[in-house]
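Report on the following structure.
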Amino acid sequence: MSEASATASIRADGAARPRAAPHVSLGLVGRVLVSITVFSSAIVYREPAPYEILAVATVAFFFAVAGLAFARETLPAVILLLLFVVGGLGGPIVAIDTGGAVMYLAVTAFLAATTIFFASYVAANAERRMEAILAAYLAGALVAALAGIIGYFHLLPGSEMFTLYGRARGTFQDPNPYGAFLILPALFALQRVLVGRIERAVLPTIAFCVITIAIFLSFSRAAWGMLAVATLLVVALTFLLAPSNRVRGRIVVLAVIGAVLVVAAIAVALSIEEIRSLLLQRASLVQDYDSGPQGRFGRYLPGLLLSLEHPFGLGPGGFARVFPEDPHNTFLKAFVEYSWLSGVAYLLLVLVTLYETGKRVFEAGPYRWYLIPVFVAFLVNALESVIIDVDHWRHFYLLVGLSWGLVAAHDRARTR
């Protein structure tokens, strides 16, 4: 948070005070709706989840009632999302379950709409709205993380509902999206520890530790890798872009302390038989279901060749009609089940989003400390989409929206 942006926020608030009371009420209702919606993204134990209902109400309220303006800076993302959805329209025609295919595509279109909403919402008042979104996200993440920890250690009666196959899944259906969902709040908590005020570092430190434990207990290899890579990148970028050598020195000290604590935590975890056995089982980069001609990785090349025969896609679930399982690769899924158009659009969406956000991380601006964790979180989630299907992950679309909202806010601030 910069002094200039804070002053701009104060002036904006001051200019708004003489307006009629209904504007104040609409603003309050809007903030509550957004906070509850973001918080609910942490509860996906069953589908449809509360997020769907709340997000529909929130998007409708802002565009139809509150008069939220579309952020023109986000147009590239909007076009690519539109092409991604439109490219899949032919799928239900060839799908066996037409009704199910239509519903699947409708959910994809809805999630794409949430991206457009969050991008426009953040662009209009980035600092204030990012703080509210991140607070709600962190609160939801802590609820999900604590549920997973409680479930794994059976601390409450019936808490086994928060585990799956001996792995923590918290308030999610599966440990893999559970672990990926927790990455962004972990990175923001980490950054607050690195560059925030020392007297305010206690709560972010606790939050980071709780979320890290939850990710570890998910025994998701992808989530482990995401957390490790993302943590290193956030520390490196924060160190590189720190405003002073004093802050850099603090980051180095905290990084060393953190590394020592991680080693100690792993040693303690390995002393627990249940954790050690599952850890040794999951630590292998390639599991039985990954290898072989019909394994996860073995299906990639035949799946790509299959997409060449069906330029308009096989429709949702079409890949599993030919192979034992879903593709577990969002890029491949976009080409095979949606269409060539969707595949190209998804690939470009990922690349363009990474370029635009990454570019602005290295440009001076008031939103850099929001851009760094969002950029890194999106990067590792995009990398995970190579080995798992994320086209219906709510937080993935939220990350895209936050990325483009910050891009728009950054450009507007530089223009001013």
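Residues in region 314-330 that are of a type in the set (A, V, I, L, M, F, W, C) and assigned to a loop (DSSP other than H, G, I, E, B): Leu314, Phe323.
Looking across region 324-339, the residues that are of a type outside the set (S, T, N, Q) and either crowded, with 24+ Cβ neighbours inside 10 Å or in contact with a Leu (Cβ under 8 Å, 6 or more places away or on another chain) (or both) come down to Pro327, Phe331, Leu332, Lys333, Ala334, Phe335, Val336, Glu337, Tyr338.
Taken over region 222-246, the criterion of being modelled with pLDDT under 90 and either closer than 24 Å to Leu379 by Cβ or surrounded by 18 or more Cβ atoms within 10 Å (Cβ to Cβ) (or both) is satisfied by Pro243 alone. Leu280 falls short of the stated requirement of being under 26 Å from Leu83 (Cβ atoms), modelled with pLDDT under 90 and not in a loop (DSSP other than H, G, I, E, B). Flag: Met130 does not match the condition of being in a helix (DSSP H, G or I), at pLDDT below 95 and among the aliphatic types (A, V, I, L, M).
Among the residues of region 248-271, just one is over 19 Å from Leu233 (Cα atoms), in contact with a helix residue (DSSP H, G or I) (Cβ under 7 Å, 6 or more places away or on another chain) and small (Gly, Ala, Ser), namely Ala269. For region 208-219, state whether one or more residues are under 15 Å from the mean Cα position of the chain (by Cα) and either assigned to a helix (DSSP H, G or I) or among the hydroxyl-bearing types (Ser, Thr, Tyr) (or both). There is at least one residue in region 208-219 that is under 15 Å from the mean Cα position of the chain (by Cα) and either assigned to a helix (DSSP H, G or I) or among the hydroxyl-bearing types (Ser, Thr, Tyr) (or both).
Regarding region 288-299, can at least one residue be identified that is modelled with pLDDT under 85 and either polar (S, T, N, Q) or part of a helix (DSSP H, G or I) (or both)? Yes, some residue in region 288-299 is modelled with pLDDT under 85 and either polar (S, T, N, Q) or part of a helix (DSSP H, G or I) (or both). Looking at region 40-60, is at least one residue surrounded by fewer than 19 Cβ atoms within 10 Å (Cβ to Cβ), more than 28 Å from the chain's Cα centre (by Cα) and at pLDDT below 80? No, every residue in region 40-60 fails to be surrounded by fewer than 19 Cβ atoms within 10 Å (Cβ to Cβ), more than 28 Å from the chain's Cα centre (by Cα) and at pLDDT below 80. In the set (1) hydroxyl-bearing (Ser, Thr, Tyr); (2) within 29 Å of Gly343 (Cα to Cα); (3) in contact with a helix residue (DSSP H, G or I) (Cβ under 9 Å, 6 or more places away or on another chain), Tyr355 fails one condition alone, (3).
The values are calculated or read from the model by the stated rules, or taken from the named source; none is laboratory data. Model, not experiment: these values are computed from the prediction. Reconstructed Cβ throughout: ideal geometry from the backbone, glycine too, with neighbour counts over all protein chains shown.
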